[in-house]
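The values are calculated or read from the model by the stated rules, or taken from the named source; none is laboratory data. Just so it is clear, the structure is predicted and the values come from calculations on it, not from any experiment. When we count neighbours, we look across all protein chains shown, and the Cβ atoms used for this are built from the backbone with ideal geometry, even at glycine.
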Amino acid sequence: MTELEKTIELYFGELEQAELTTITSLFEKETISKGDYFLKTGKRCEKLSFVQQGLLRIYVETEKKEVTQWISTSNSFVTDLSDFLFDTPARWTIQALTDTTLFTLQKKNYQALETLVPKWQVLEKLFIARCFTIMEDRIFSHLSMTAEERYASFFEANKELFNQVPLQYIASLLGMTPETFSRIRNKMTTLNS
């Protein structure tokens, strides 16, 4: 089973092999060079992609600062979900932090799955519920954890990102100023040495 197939089952639920083959056949390989954009704020998002390899930063620029919402890594999906599903202009900009290889499902093919896969409505509900749960977990951590706990938790789950991504992006993702992030990082490094 490919990583794409495993991730589809993780997000959409267990599938018959024929259903899985139908779904994966609609994804097309795509590459984005470091610095190029998958999507820009205000544009339309017509695709849902699986990140095979690489890193994408999801962020928005406000009047006062840039806010990093997430960093998509290998074996994850990326899109502006509200735009993709509800046709609202994208609120997020998504930019490649590294050369990135994707498997992309165009919106028209996503919509075609309703007729191609009989239980698609159930699968789509599971997908949206999985996305919602991931976001709910992030909100819970922001509300219930201290800055140090958020740092430690994120570091434990994503150690490799600390050497691959500018640290100000991780600070923003964790809801911290770069100064607070640096202070906590120095404290954690001292404790662990």
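Got a sec? Which helices (runs of 4 or more DSSP H) wholly within region 98-176 have at least 3 residues that are exposed (fewer than 15 other Cβ atoms within 10 Å of the Cβ)?
Numbers: elements: 107-116, 120-144, 147-157, 167-173.
It comes to 107-116, 120-144, 147-157.
Conditions tested, residue by residue: (1) at negative phi; (2) assigned by TED's automatic domain parsing to the domain that holds residue 22; (3) modelled with pLDDT of 90 or more; (4) within 20 Å of the chain's Cα centre (by Cα).
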position: 109; (1), (2), (3), (4): yes, yes, yes, no
position: 115; (1), (2), (3), (4): yes, yes, yes, no
position: 133; (1), (2), (3), (4): yes, yes, yes, yes
position: 153; (1), (2), (3), (4): yes, no, yes, yes
position: 156; (1), (2), (3), (4): yes, no, yes, yes
position: 164; (1), (2), (3), (4): yes, no, yes, yes
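Name every residue in region 80-99 that is among the hydroxyl-bearing types (Ser, Thr, Tyr) and either modelled with pLDDT under 95 or farther than 18 Å from residue 29 by Cα (or both), in order of residue number.
82, 88, 93 - these are the residues of region 80-99 that are among the hydroxyl-bearing types (Ser, Thr, Tyr) and either modelled with pLDDT under 95 or farther than 18 Å from residue 29 by Cα (or both).
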Open item on the list: Could you list, ordered by first residue, the pairs with Cβ atoms under 7 Å in which the first is in region 122-143 and closer than 19 Å to residue 14 by Cα and the second is modelled with pLDDT of 90 or more, at least 6 apart or interchain?
Closed with: 123/117; 131/81
- [ ] Quick one: in region 26-58, of everything that is under 21 Å from residue 85 (Cα atoms) and polar (S, T, N, Q), which residue is nearest to the chain's Cα centre (by Cα)?
- [x] 49
- [ ] Would you check which residues across region 42-80 are surrounded by 14 or more Cβ atoms within 10 Å (Cβ to Cβ), among the hydroxyl-bearing types (Ser, Thr, Tyr) and not in a strand (DSSP E or B) and list them?
- [x] 73, 74, 79
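Against the condition touching a helix residue (DSSP H, G or I) at 6+ places or on another chain (Cβ under 9 Å) and farther than 27 Å from residue 142 by Cα, how does residue 19 come out, does it pass?
Here the answer is yes, as residue 19 does meet what is asked.
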